[in-house]
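J.: My questions will all concern the structure given below.
The values are calculated or read from the model by the stated rules, or taken from the named source; none is laboratory data. In this text the structure is predicted, and so the values were computed from the model without any measurement. Cβ atoms come from the backbone with ideal geometry, glycine included; neighbour counts cover every protein chain shown. Side chains included, ligands, DNA and RNA excluded: accessible areas come from the protein's heavy atoms. Shrake-Rupley method; radii C 1.70, N 1.55, O 1.52, S 1.80 Å.
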Amino acid sequence: MIRVNNLIKDYGQRRALCGLTFHAQQGEVVGFLGPNGAGKTTTMRILTGYMPPTEGEAIVAGYDVVSESLEVRKRVGYLPETVPLYNDMVVFDYLKFMADLRHLPDAEERVEEALELVGMIERANGYIGNLSKGMRQRVGLAQALLHRPEVLILDEPTIGLDPNQVVEIRNLIRELGKERTVLLSTHILSEAQQICDRVIIINKGQIIAEDTPENLQARLLGAKRVMIQVRGEADDVLPQIQAIPGVRQAVVNLDGTIEFEFLPTQDVRPRVARAIIEAGHELLEMRTISMSLEEIFLELTKDNAGLPM
Amino acid sequence: MRNIWTIAKREYNHFFISPIAYLVAFAILLVLGIIFALVIYSSSQNVFFGSVPDIRPITGSFAFLLVLSTPALTMRLLADENRMGTMELLLTAPVRDIELIVGKWLGSFLFMLTIIAITLVYPIVLNALVRPGIDQGLMITAYLGLILVAASFLSIGVGISALFSNQVAAFFATLAVLITLWWLVGFPANYVQTGADIFRYLDLQTHFYDSLSVGKINLTDLVYFFSLIALGLFVGTLSIDIRRWR
């Protein structure tokens, strides 16, 4: 459980966090989304007891991060953004060291369990310095899981992983999120959509949007976007599509596909398909495009505008 | 307490894969070996050190070597954690700042004790060579003195290492402080009217060469060394705290 109330952090003259307020329940995966320098890492460092906030309070797993820092740190698993590891240590020894610092009674079994979870058990006896970026990331994650923490705070957990590993780690996080509180940061929107129950969009130290991914998308996307591909010249088909009422902003892309938008209240897709066939063209593909969230996210974080509510 | 031991154990083991630690141990043992050979040779020829071989040239030179070698052992301890970002790992683990600092210091101290233990071979050999054997009381206090000097130097080194994220900077800053304690701070005692006692008290050499090294155990000397140890560990803990709040 994480409860953050009006969190402020100043680095000298610069204000990195301007009064953040949010909460995360047990069994919830909350995504922190924002551009670089938005304050994601700063917030996470405060929540893990690495540094105190300038003002405001943060309760993690029922303890205050400033006055009961040690209790918080016992209950939190943290994967820092830079994945700091001791390069001259063997993977197993490193995790054993971290497990000993946490006074785990069955340290060696826990280390093996964590390595098993992240799929690194076969590299347990290798030097950390010889690991690839993705493997380091997974060792860092294993370190965060050692003590089966109530709260997991993961700063960009999938960065540097290859596509297969990304899927594995995302599934793992989803699985872990069932009984724990997981707060993760990312700047990949599709990732937030896939694994988070709730997304908090943060920019310049302020929360600019907070909702479930589905609701966010619905709120962000007034219209649905569709891509179609036809056999033959797209330019010949375009006028017929544009002629259909409800079709907006139909354009031909560089690759010869056609894109258009329609309002969710008025699904024009069957009419578009019929129009193309009736005009004697062949329809090869029609699908909705989901990446518009990305564009609107850019919009949101660019000029710091609020969401249409 | 357990955390201190966990951290100390890791640091101690780390010294054995560190080339610098081997270099320091090698240099100390080489220099002391040469001096030991000279002691044996010259006393057999009745030059330099008199006719009865004495342990003091060994312990005395060792204390001086500590000025140069302890900064090399401690420079990495926290500066490297700061540089590599692993400090974030340690500071978000359930470990108190003081436990971290004391653990680092203890690890380096145990390594230095290992080197000191190896040099015990010289008094043992010397004891076998001379009749009726060397002054064992003097040997014990001299070694106690060495251990105290090493402990205080390492503590200062750890404290200073915590201030930096660059090993070389930590090395030279520690060296500067140790040289000040060893040579410089005693100088004004000869020239100032008031406060001469303070400078004399701060001078580290007097607490070793004039007392423990010659077989005397004074409470003031013990207090002096323990104060230095406490000061170094305090500076280290404080600097971690400052880093947090920055």
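J.: Excluding ligands, DNA and RNA, what is the solvent-accessible area per residue of the protein assembly as shown at a probe of 1.4 Å, expressed in Å²?
T.: 45
J.: Can you pick out the pairs among A:Lys74/B:Lys104; A:Lys74/A:Lys204; A:Lys178/A:Lys224; A:Lys9/B:Lys104; A:Lys204/A:Lys224; A:Lys178/A:Lys204 whose Cα atoms lie more than 23 Å from each other?
T.: A:Lys74/A:Lys204; A:Lys178/A:Lys224; A:Lys9/B:Lys104; A:Lys204/A:Lys224; A:Lys178/A:Lys204
J.: Report, in deg cm²/dmol and to the nearest 500, the calculated mean residue ellipticity at 222 nm for chain B, where each DSSP H run with n ≥ 4 adds -39500 (n - 2.57) and the sum is divided by the residue count.
T.: -25500 deg cm²/dmol, from helical runs alone.
J.: Another question about this same structure. With charges set only on the Cβ (+1 for Lys and Arg, -1 for Asp and Glu), what does the dipole of the protein assembly as shown come to about its Cα centre, in debye to the nearest 20?
T.: So the magnitude is around 1100 debye.
J.: Given a Förster distance of 51 Å, report the FRET efficiency between A:Arg274 and A:Asn6 from their Cβ-Cβ distance, rounded to the nearest 0.05.
T.: E between A:Arg274 and A:Asn6, to the nearest 0.05, is 0.35.
J.: Could I ask something else about it? At 7 Å along Cα-to-Cβ for each site, give me the label-to-label distance between A:Asp236 and B:Phe234 in nm.
T.: So the two model labels end up 9.0 nm from each other.
J.: On average, how many beta carbons from a partner chain sit within 10 Å of the beta carbon of a residue in A:69-79?
T.: If you average over the peptide's residues, the count of other-chain Cβ atoms is 3.
J.: A follow-up question, please. What fraction, in whole percent, of alpha-carbon pairs in the stretch B:2-245 exceed 30 Å separation?
T.: Counting pairs separated by more than 30 Å, the tail of P(r) holds 31 percent.
J.: Other chains near B:82-89: what is the mean number of their Cβ atoms within 10 Å of each residue's Cβ?
T.: Neighbouring Cβ atoms belonging to other protein chains average 6 per residue here.
J.: First measure r as the distance between the Cβ atoms of A:Arg14 and A:Asn125, then evaluate 1/(1 + (r/R0)^6) with R0 = 51 Å and state the FRET efficiency to the nearest 0.05.
T.: Result of the calculation: an efficiency of 0.70.
J.: Related question: Within the stretch B:175-228, report the chymotrypsin sites (Phe, Trp or Tyr not before Pro) that DSSP leaves as loop and that have at most 12 other Cβ atoms within 10 Å.
T.: B:Tyr191
J.: With runs of 4+ DSSP H residues as the only contributors, calculate the mean residue ellipticity of chain A at 222 nm using -39,500 (n - 2.57) per run, divided by the residue total and rounded to the nearest 500.
T.: -10500 deg cm²/dmol
J.: In percent, how large is the relative contact order of chain A, given Cα pairs closer than 8 Å and 6 or more residues apart?
T.: Across chain A, relative contact order equals 19 percent.
J.: Let me ask something else. Go through A:159-170, A:95-106 and give me the packing order, highest mean Cβ count within 10 Å leading.
T.: Ranking the peptides A:159-170, A:95-106 by packing returns A:95-106, A:159-170.
J.: May I pose another question? Tell me the total accessible area that A and B bury against each other, 1.4 angstrom probe, in square angstrom rounded to 100.
T.: 2500
J.: In a shell of Cβ-Cβ distance under 9 Å around B:Asn3, excluding B:Asn3 itself, what net charge do Lys and Arg (+1) and Asp and Glu (-1) give?
T.: Result for the neighbourhood of B:Asn3: 0.
J.: Express the relative contact order of chain B as a whole percentage, based on alpha carbon pairs under 8 Å and six or more residues apart in sequence.
T.: 26
J.: A further question follows. For an R0 of 22 angstrom, estimate the FRET efficiency from the Cβ-Cβ distance between A:Asn164 and A:Thr82 and round to the nearest 0.05.
T.: Once the sixth-power term is evaluated, E becomes 0.40.
J.: Mind checking the log10 I(q)/I(0) for the protein assembly as shown at q = 0.06, 0.08, 0.11, 0.13 Å⁻¹? Debye, one equal scatterer per Cα, no solvent, two decimals.
T.: Cα-only, vacuum Debye calculation for the protein assembly as shown: -0.46, -0.69, -1.02, -1.22.
J.: Could you look at the protein assembly as shown and say what percent of its accessible area is carbon and sulfur, using a 1.4 Å probe and all protein chains?
T.: Taking all protein chains in place, the protein assembly as shown shows 58 percent carbon and sulfur surface.
J.: Moving to a separate point now. Provide the net charge surrounding A:Phe97, with neighbours chosen by a C-beta distance below 9 Å and charges set as Lys +1, Arg +1, Asp -1, Glu -1.
T.: Once positives and negatives cancel, what remains is +1.
J.: I'd like the mean, over residues of B:156-162, of how many other protein chain beta carbons sit within 10 Å of each residue's own Cβ.
T.: 0
J.: Note down the magnitude of the dipole of the stretch B:2-245 about its Cα centre, charges +1 on Lys and Arg C-beta and -1 on Asp and Glu C-beta and zero elsewhere, to the nearest 20 debye.
T.: 340
J.: A further question on this structure: Counting Lys +1, Arg +1, Asp -1, Glu -1, what net charge surrounds A:Ile258 among other residues with beta carbon under 14 Å of its beta carbon?
T.: It works out to a net charge of -3.
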